[in-house]
């Protein structure tokens, strides 16, 4: 079994209020503390087939231009998702299955590039706007019962399990790979940074707070009882853990390395990008209405997050 990170953005950040403020409130945390951010998804090569866990941002998604008030920043382009996949030595026609952790377009953005793969999606997500027009979706009903302390699961193939993990979205899921005595947890935004896992904090991004808390509790319980390599999407800690085969010890956190931030003076295009799901607001496609002129209660049409989660592009 080979697990690799498909890396396509680097040098981003997530502020402490963003990463920790889901239950106690953002005002309890320091907005000037910025944890390292990135974007990567994962690939599982079983030797018999190649399985993707999520598929990056859509090609052409503009980089954000964050400022001192930005809650989060997904990072600067390394390359497109499809280029990153190719750089690992994999072509689209080798991919047999895609396991989608959730609908947000930084996870689902290139699904259309794999028409011959079976796309496994929690059945509660199949009606999402991001998945419209796809004919190769397999709704997952989680019929294989409990996987340790997680109540609902689906075995995908030997050693690869799809776990129901509602909260971040109503159809959020986790992928766990068993290999060499370790459990590799490839997760869809249970946390944005590992510090939140150690400190038991929810981010501000969830569809269902109660379920997000239940899922976090189950994740932490699982990690306490099984040697787990915790692989996130939005922090370089995800691929650092993978490459080091680092088993999470909740009582002994890895020392924090804060983000080094240099705010760009790039001229703004007028477009704004949701730092949560990657949706691009383009005034030219919205009747010429500038982002600043949108009502203060306007929300992202895909992930329903407020204007404050958008960055200029």
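Here, each number is a calculation from the coordinates, and none is a lab measurement. The model shown is predicted, which means the values in this text are computed figures rather than measured ones. Cβ placement follows ideal geometry from the backbone for every residue including glycine, while neighbour counts extend to all protein chains displayed.
If you take the beta carbon distance between residue 30 and residue 79 as r and set R0 to 30 Å, what does 1/(1 + (r/R0)^6) give as a FRET efficiency, to the nearest 0.05?
It comes out at approximately 0.35.
Between residue 113 and residue 155, what FRET efficiency follows from the Cβ-Cβ distance if R0 is 22 Å, with the result rounded to 0.05?
It comes to 0.25.
If the label point is 7 Å along Cα→Cβ of residue 208, which residues in the range 138-162 have backbone nitrogen under 19 Å from it?
Within reach of a label on residue 208: 139-147, 149-154, 162.
Which residues does the label zone of residue 67 cover in the range 1-18, counting backbone N under 17 Å from a point 7 Å along Cα→Cβ?
No residue passes the distance filter.
Quick one: which of 134-142, 191-199, 58-66 comes out on top by average Cβ neighbours within 10 Å, and what's the full order, highest first?
Per-residue mean Cβ counts within 10 Å order the peptides as 191-199, 58-66, 134-142.
Rounded to the nearest Å, what's the spacing between the alpha carbon centres of the range 87-107 and the range 1-78? Just the number, please.
One Cα centre to the other: 16 Å.
Please work out the Cα center distance from the range 171-229 to the range 270-297, rounded to the nearest Å.
Taking the Cα centre of each part, the range 171-229 and the range 270-297 sit 31 Å apart.
Mind giving me the FRET efficiency for residue 144 and residue 245? R0 is 30 Å, r the Cβ-Cβ distance, nearest 0.05 is fine. All intermediate terms of the calculation are to be shown ahead of the outcome.
Values: r = 27 Å, r/R0 = 0.89.
After rounding, the FRET efficiency stands at 0.65.
What are the equivalent ellipsoid semi-axes of the chain, built from the alpha-carbon gyration tensor (square roots of five times its eigenvalues), in whole angstrom, biggest first?
Semi-axes from the Cα gyration tensor: 28, 23, 19 Å.
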